[in-house]
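The values are calculated or read from the model by the stated rules, or taken from the named source; none is laboratory data. This one's a predicted model, so the numbers in the text were calculated from it and none came from an experiment. Here the Cβ positions follow ideal geometry from the backbone for every residue, glycine too, while neighbour counts run over all protein chains shown.
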Amino acid sequence: MKGRHQVERIIDPLAGSLWPSHASPQAMTDPQRDVALEQWLSGERRVLVAGVGYTNLRDLSLGPALVARLQSERWPAGVVIADLSYSPIDVLFQLQAAPRFSLGIFAGAVPRGRPPGSVTVVPWNPPALTPDELQSRVSEAVTGVIDLENLLLILDHFGALPAEVTVVEIEPFDQSWGDGFSALGEAALEEAERRVRALVRQALAEAEAQESGR
């Protein structure tokens, strides 16, 4: 892959300066635009790694914490690391405005009654929703509910998800108000980071294999 750059909160450099409504705009640089345009025209595999969750809710904040860790280093061009812990409607508009990602890795803490601290990695398999159920999800999103599954359902309904989606879910232990994580949450964060890195490496290796086989 050609070129390397560090991506912070911009969803896609080609589409312009895209940022959460609660964040300050981040200017797009000419090198970022050139790299993004080259990726788009060449059909290069583009990977979105997204974290979703609240802040200051102990283990329920593991998704954003994972993104912060990953954003601290440089990634190959075509890999975008983003905190999508804001309105799914805003996320929808931003993804619709950008060239489509080939792979999306969405991570966050989701209480489902599994062993606390466990990390589950599965392909996204959306449940069937009635129009009323979908409207309820959208209404929750508009009122400020931040939920990984909500985000995926809304993006999926409007066709804004990447072509392939993998979900990394962490079972939270401590869901109380406060900073920091439980011991189980800390261990789960380490494991989730390891799993996400492996998924990205696999995606990039497959892309390079396809490129060399052309």
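Return the residue satisfying two criteria in turn: it lies in the range 170-214 and is under 18 Å from G113 (Cα atoms) and polar (S, T, N, Q), and of such residues it is surrounded by the fewest Cβ atoms within 10 Å (Cβ to Cβ).
Filtering first and then ranking leaves S176.
I'd like the full set of residues that are among the small types (G, A, S) and without any contact (Cβ under 8 Å) to a residue 60 or more places away in the chain, limited to the range 101-128.
Taking the range 101-128 first, the residues among the small types (G, A, S) are 102, 104, 107-109, 113, 117-118, 128.
Those that are among the small types (G, A, S) and without any contact (Cβ under 8 Å) to a residue 60 or more places away in the chain: G113, A128.
Hey, among S61, S72, S87, which residue is over 20 Å from E190 (Cα atoms), more than 12 Å from the chain's Cα centre (by Cα) and not basic (K, R)? Outline the logic, then answer.
On the way: S61 fails: over 20 Å from E190 (Cα atoms); S72 fails: over 20 Å from E190 (Cα atoms).
Being over 20 Å from E190 (Cα atoms), more than 12 Å from the chain's Cα centre (by Cα) and not basic (K, R) holds for just one of S61, S72, S87, which is S87.
Among the residues of the range 139-158, write down those that are under 14 Å from Q94 (Cβ atoms) and part of a loop (DSSP other than H, G, I, E, B).
F158
If I ask for residues that are hydrophobic (A, V, I, L, M, F, W, C), surrounded by 11 or more Cβ atoms within 10 Å (Cβ to Cβ) and out of contact with any strand residue (DSSP E or B) (no Cβ under 6 Å at 6 or more places or on another chain), which ones from the range 111-135 would you list? First the steps, then the outcome.
Going residue by residue through the range 111-135, those that are hydrophobic (A, V, I, L, M, F, W, C) are 119, 121-122, 124, 128-129, 134.
Checking the rest, the ones that are also surrounded by 11 or more Cβ atoms within 10 Å (Cβ to Cβ) come to 119, 121, 124, 129, 134.
Once the filter is applied, which keeps residues that are hydrophobic (A, V, I, L, M, F, W, C), surrounded by 11 or more Cβ atoms within 10 Å (Cβ to Cβ) and out of contact with any strand residue (DSSP E or B) (no Cβ under 6 Å at 6 or more places or on another chain), the range 111-135 yields L129, L134.
Does the range 175-197 contain at least one residue that is touching an Asp or Glu at 6+ places or on another chain (Cβ under 7 Å), hydroxyl-bearing (S, T, Y) and in a loop (DSSP other than H, G, I, E, B)?
The initial filter retains those residues of the range 175-197 that are touching an Asp or Glu at 6+ places or on another chain (Cβ under 7 Å), namely 175, 181-182, 185.
Subsequent filtering for residues that are hydroxyl-bearing (S, T, Y) retains 182.
Next cut, in a loop (DSSP other than H, G, I, E, B) only: 182.
Checked the range 175-197: at least one residue is touching an Asp or Glu at 6+ places or on another chain (Cβ under 7 Å), hydroxyl-bearing (S, T, Y) and in a loop (DSSP other than H, G, I, E, B).
Could you give every pair whose Cβ atoms fall below 6 Å, whose first residue belongs to the range 165-184 and is over 25 Å from P126 (Cα atoms), and whose second residue is surrounded by fewer than 18 Cβ atoms within 10 Å (Cβ to Cβ) and modelled with pLDDT under 95, counting only separations of at least 6 or pairs across chains?
Filtered contacts from the range 165-184: D179/N56.
Condition first: at pLDDT below 95, small (G, A, S) and within 19 Å of I81 (Cα to Cα). Now tell me which residues in the range 94-131 satisfy that.
The answer is A97, A98, S102.
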